[in-house]
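A.B. asks: Right, I'll just put the structure down here and ask away after.
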Amino acid sequence: MADRLQVTLELGGMTCDGCARHVTKALQSVAGVASAQVPTWQAGSATVVAEAGTEDAALVRAVEEAGYRAVVRERRRIEGERAFPAEAKADYDLMVIGGGSAGFAAAIKGAELGANVALVEAGTIGGTCVNIGCVPSKTLIKAAELCYRSAYPKFEGLTACPPPSDWQRVIHQKDDLVAALRQGKYVDVVSVYPNISLLRGRATLTGGRGVHLNGTALSPGKIILATGAHAWAPPIPGLAEAGYLDSTAALSLPSLPASLIVIGAGAIGLELGQLFSRFGVRVIILEGGPHVAGAEEPEIGQALTQYLAEEQVWLCTNTHITRIERAGGHYGVRAQIDGQPETCAAEQLMVATGRRPNTADLGLEVAAIAVGPRGEVAVDKHLRTANPDVYAAGDVIGEPAYVYVAAYAGGLAAENALTGAGRLYDLTALPHVIFTDPQVASVGWTEAKARTEGKQVKTAVLPLTAVPRALASRDTRGLIKLVAEEGTGKLLGAHVLADQAGEVIQAATLAVKFGLRVQDLVETFHPYLTMVEGLKLAALTFEKDVSKLSCCAA
Ligand SMILES: Cc1cc2nc3c(=O)[nH]c(=O)nc-3n(C[C@H](O)[C@H](O)[C@H](O)COP(=O)(O)OP(=O)(O)OC[C@H]3O[C@@H](n4cnc5c(N)ncnc54)[C@H](O)[C@@H]3O)c2cc1C
C-alpha cells in the first residue's frame, strides 16, 4: 500500500446534516483523496485519508468552494500500513452481516481503522431500531400522549395540541419520520465511507472464513455477525392457528381495533398497551409473572399497574393461558388467572413475549459457532465466537437488547476482530428505560439482586409527592428507590418511576459507574425544580424525613 496521509480539518459554517454531506462530497472530489469523513455537522471536523502528495490547500479550497470554512489542524503520515494485519487472499478485510445498529457501528469502526469493509443486509437497511423498533414506537407513544392529555387534560392550559384522532395520519407521519431517519442515519452514512461496500442479500457462513452471498463464495479476513432478533411467541395451544400481531404489525395497523389483548407485560407490551389505550382502544394485558415489568423493583411494577388501571388499561398478572381461539372476528383467550378460570375476548391480539436471535439458516454449525439456549450466538468477553475469525454483536448475542448496547458492541467487535485489541465487553452500570407514562428507568442492582450478590444493603424509597418538580407539574405519579451498600453507602442501584425518568437516570448512572456514595449525591448541587433533584431527595431519605425539609432540600 502506498504512503498516505491522514489530515484533520476543523470546519466552520455547517448547520445541518446536509452541510456535513456537502463538505464530505467536496473533500471526496479532491484528487488523491481516498476517504473523507464528517461524522456529524455538530462535530465540526473532518478526517481525510489521502495520497501522500495531497496538498492541504486543495482540501481547504474544496471546502470553501462548497460554501464552508476549513483550517487544517493535523497532518500525519500513515506509513503504508494498516492498523491491523491483512489476511491473505481476503475479498474484504471485514464482512459485517446485518445492516442494523450493531452492523453499522461495526462497519464504521472497521472503516475508521482503514479496513475494506463489506456490509451485508438482507432486508431493510437500518434494521430494527429505526424501521420497526425504537423510532416508530416512540413517535407513536408521543402522539398517543398528546391525544390522551388533550382528551383528559390533567394539565389545564398546558396542552394546546389537538388529538391526533386520525390514526392513519399518525401512521403516515410515523412512516415519514422513519424514512427520513433511515436515509439520514443509515443510507447516507454509507456514502460517507468510501471503504464500506453495501451488499444486498442473505449471507450464510460456509465454514472457516467462508461466506456464501447471492451465489458467490467470499472469503473475508474477519466476519462480524450482527443479524439481530425477531419477535418470538410461546407455544400456546391455538395461537399459531388463530394468528396474532407482533409489535411490528401492531405499529403499522391500517386501522385501530375496538379492543386488544396484549400477551406479555415487559417493556414492549406495556409501552404498546398504553399507546393503544390512549388512542381509545380497550386494552387488557396478560402477564404470566407476579408483576408487570418483572425485571424492575416490585414497588415500581405495583405503582405502574395502578396508574395504568386509572387509564383503563387492565393488567392481569399470574396468568397462565391455556388456549386461544378465533371466531366471528374476535379472539378468545382462555386462562387461569390467579388460579381461577377466565376468558377474555378482543378484536385484536398482540404477542409481546420477547425476541429471539436471528440465527436459523446462518450456517453457524458448519462454521463451528456455538449457540446458547435461546439460539443466541455464544461469545467470549471480547465478543469472539468459538470460530476465531468470527465475532458477533447486538441482539444476535441475546440480552440485553438495547440499541445503544448493540452499537457499542458492534464497534468493539470490529476493533477486536481487526486489531486483536482484546477490549472487554463491559456492561457495568447499564441504564435502561421503559417508555410508559410515567417512564420506568433503572441502573445497577435491584434490592433483590444486591442481596443475592451477598451484599448487605439499605434502601430508600421516595414518593414523587416529595419532589417539587412533580408537584409543580401536577404529576406526582411515581417514586424513586435507591439501593446502597450498608456501611460504605456506595450506590448500587437507582430505580425511578416518573415523568422523564429516562433523563433522571443518567445522573444515577454516573454515580453507579464511578462508585459514588449516597452522601456524594447529597453533597452535589441539583437544580431546584428539576426532576433529577428527586435523586438528591431520595439520597437524603436514608438519613432524614424529607417532608420536614425546607426548599432546595435545605
Ligand atoms: C418495538 C421495539 C421497540 C424498541 N425500543 C427500543 C428503545 O426505545 N430503546 C432501545 O435501546 N432499544 C429498543 N429496541 C431494541 C432495539 O431496536 C434493538 O436492540 C436493536 O435495534 C438491535 O440492533 P441489531 O443491530 O443487533 O439488530 P437489527 O437492528 O435487527 O439488525 C439486524 C439486521 O440484520 C439483517 N439480517 C439478518 N440476517 C441476515 C443475513 N443472514 N444476511 C444479511 N442480513 C441479515 C436484518 O435484516 C436486520 O436488518 C426496541 C425493539 C423493538 C422491537
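The values are calculated or read from the model by the stated rules, or taken from the named source; none is laboratory data. Source: prediction; values computed, not measured. Here the Cβ is made from the backbone with ideal geometry for all residues, glycine too, and neighbour counts use every protein chain on show.
A.B. asks: With G103, G99 as the choices, which residue is part of a loop (DSSP other than H, G, I, E, B), at pLDDT 95 or above, among the small types (G, A, S) and within 15 Å of the ligand (Cβ to nearest atom)?
C.D. replies: So the residue among G103, G99 that is part of a loop (DSSP other than H, G, I, E, B), at pLDDT 95 or above, among the small types (G, A, S) and within 15 Å of the ligand (Cβ to nearest atom) is G99.
A.B. asks: For the structure I just gave you, tell me whether G354 is of a type outside the set (K, R) and at pLDDT below 95.
C.D. replies: no
Results for (1) closer than 30 Å to A46 by Cα; (2) free of Cβ contacts under 8 Å to residues at least 60 places away in the same chain, shown as yes or no for each residue.
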residue: L199; (1), (2): yes, no
residue: A203; (1), (2): no, no
residue: P237; (1), (2): no, no
residue: A240; (1), (2): no, yes
residue: L245; (1), (2): no, no
residue: G264; (1), (2): no, no
residue: A267; (1), (2): no, no
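A.B. asks: Among the residues of the range 360-374, how many are within 14 Å of the ligand (Cβ to nearest atom) and buried (at least 16 other Cβ atoms within 10 Å of the Cβ)?
C.D. replies: Total satisfying the criteria: 5.
A.B. asks: Of V390, V403, V377, which residue is under 13 Å from the mean Cα position of the chain (by Cα), within 14 Å of the ligand (Cβ to nearest atom) and touching a residue at least 40 places away in the same chain (Cβ under 8 Å)?
C.D. replies: V403
A.B. asks: Same structure again: Which residues, counting only those in the range 25-45, are in contact with a strand residue (DSSP E or B) (Cβ under 6 Å, 6 or more places away or on another chain) and hydroxyl-bearing (S, T, Y)?
C.D. replies: Across the range 25-45, the qualifying residues are S35, S45.
A.B. asks: Those residues that are within 30 Å of G32 (Cα to Cα), polar (S, T, N, Q), out of contact with any Lys or Arg (no Cβ under 7 Å at 6 or more places or on another chain) and more than 15 Å from the ligand (Cβ to nearest atom), I need them from the range 170-226; list them, please.
C.D. replies: Q183, S191, N195
A.B. asks: Cβ-Cβ distance below 7 Å, separation of 6 or more or different chains: which pairs start in the range 221-232 with a residue that is of a type in the set (F, W, Y) and end on one that is near the ligand (Cβ under 8 Å from one of its atoms)?
C.D. replies: Filtered contacts from the range 221-232: W232/R355.
A.B. asks: Mind checking whether some residue in the range 111-121 is modelled with pLDDT of 95 or more, part of a helix (DSSP H, G or I) and either touching a helix residue (DSSP H, G or I) at 6+ places or on another chain (Cβ under 6 Å) or near the ligand (Cβ under 9 Å from one of its atoms) (or both)?
C.D. replies: Checked against the condition, which is being modelled with pLDDT of 95 or more, part of a helix (DSSP H, G or I) and either touching a helix residue (DSSP H, G or I) at 6+ places or on another chain (Cβ under 6 Å) or near the ligand (Cβ under 9 Å from one of its atoms) (or both), the range 111-121 yields no hits at all.
A.B. asks: Let me ask something additional. State whether one or more residues within the range 39-59 are buried (at least 23 other Cβ atoms within 10 Å of the Cβ), more than 16 Å from the ligand (Cβ to nearest atom), under 28 Å from R182 (Cα atoms) and without any contact (Cβ under 8 Å) to a residue 40 or more places away in the chain.
C.D. replies: yes
Okay, residues lined up against (1) among the hydroxyl-bearing types (S, T, Y); (2) modelled with pLDDT of 95 or more; (3) over 17 Å from I132 (Cα atoms):
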position: G208; (1), (2), (3): no, yes, yes
position: L225; (1), (2), (3): no, yes, yes
position: A229; (1), (2), (3): no, yes, no
position: W232; (1), (2), (3): no, yes, no
position: G243; (1), (2), (3): no, yes, yes
position: D246; (1), (2), (3): no, yes, no
position: L253; (1), (2), (3): no, yes, no
position: F279; (1), (2), (3): no, no, yes
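A.B. asks: Those residues that are at positive phi and in contact with a Phe, Trp or Tyr (Cβ under 8 Å, 6 or more places away or on another chain), I need them from the range 318-358; list them, please.
C.D. replies: G354
A.B. asks: Please state which one of A441, A448 is surrounded by 23 or more Cβ atoms within 10 Å (Cβ to Cβ) and not charged (D, E, K, R).
C.D. replies: A441
A.B. asks: Of (1) more than 13 Å from the ligand (Cβ to nearest atom); (2) closer than 18 Å to A345 by Cα, G269 satisfies all except one. Which?
C.D. replies: (1)
A.B. asks: Which one is surrounded by the fewest Cβ atoms within 10 Å (Cβ to Cβ) among residues in the range 215-248 that are more than 30 Å from Y331 (Cα to Cα) and over 28 Å from the mean Cα position of the chain (by Cα)?
C.D. replies: G215
A.B. asks: Find the residue count for the range 387-404, including only residues that are part of a helix (DSSP H, G or I) and among the aromatic types (F, W, Y).
C.D. replies: 1
A.B. asks: Just one of the numbered conditions (1) in contact with a helix residue (DSSP H, G or I) (Cβ under 8 Å, 6 or more places away or on another chain); (2) farther than 17 Å from A106 by Cα is not true of A345; which one?
C.D. replies: (1)
A.B. asks: Just the residues that are surrounded by 18 or more Cβ atoms within 10 Å (Cβ to Cβ) and among the aliphatic types (A, V, I, L, M), please, taken from the range 470-492.
C.D. replies: Of everything in the range 470-492, those that are surrounded by 18 or more Cβ atoms within 10 Å (Cβ to Cβ) and among the aliphatic types (A, V, I, L, M) turn out to be A470, L479, I480, L482, V483, A484, L491, L492.
A.B. asks: Can you give me the ranges of the strands (runs of 3 or more DSSP E) entirely in the range 415-482 with at least 3 residues that are within 16 Å of the ligand (Cβ to nearest atom)?
C.D. replies: 432-434, 439-444
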